[in-house]
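The values are calculated or read from the model by the stated rules, or taken from the named source; none is laboratory data. Fair warning: this is a prediction, and the values are worked out from it, not measured in the lab. Glycine also receives a Cβ, built like all others from the backbone with ideal geometry; neighbour counts cover every protein chain displayed. Surface accessibility is based on the protein's heavy atoms, side chains included, excluding ligands, DNA and RNA. Shrake-Rupley method; radii C 1.70, N 1.55, O 1.52, S 1.80 Å.
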Amino acid sequence: MDANIYGMYSDPYLDGATNPEMLDLTSDGAVVPPGATDIEAVNITLEYPTVAPPVPFVELPETMCLDSDTWHKNGDLSKDCPWAALWAPRCDAIGFYDEAGTQVTKTPETELVY
């Protein structure tokens, strides 16, 4: 990361106060001005005392969207499965009309129709 002083108070109201969490990563204690091009790089090594446990697996409910390479909302190719996944209620969006003239929604029960 770039060497600089992070967390230094600059509000005139706090004149003379020192942020107890301030981090000085410079070799000379001077603030690096905006636009400076000769900024020294600082490497910080983090050592953790323990290994974090793995994130537990979460089973998705049956009503979640199934991915399909061919599903699109009302034939709009930009509105595909990744688009629907951005907002869960879209999983019930109307897909297209099937052979019988019925509008098809993207659900686990109708996924095999595509």
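Taking each residue of region 78-95 that is in a helix (DSSP H, G or I) and at pLDDT below 70 and looking for partners that are open to solvent by less than 70 Å² (accessible area, probe 1.4 Å) and polar (S, T, N, Q) with beta-carbon atoms closer than 6 Å, six or more apart or interchain, yields ASP92/THR105. Residues that are open to solvent by 80 Å² or more (accessible area, probe 1.4 Å) and either β-branched (Val, Ile, Thr) or touching a strand residue (DSSP E or B) at 6+ places or on another chain (Cβ under 8 Å) (or both) within region 41-58 comprise ALA41, ILE44, THR45, THR50, VAL51, VAL55, VAL58, listed in sequence order.
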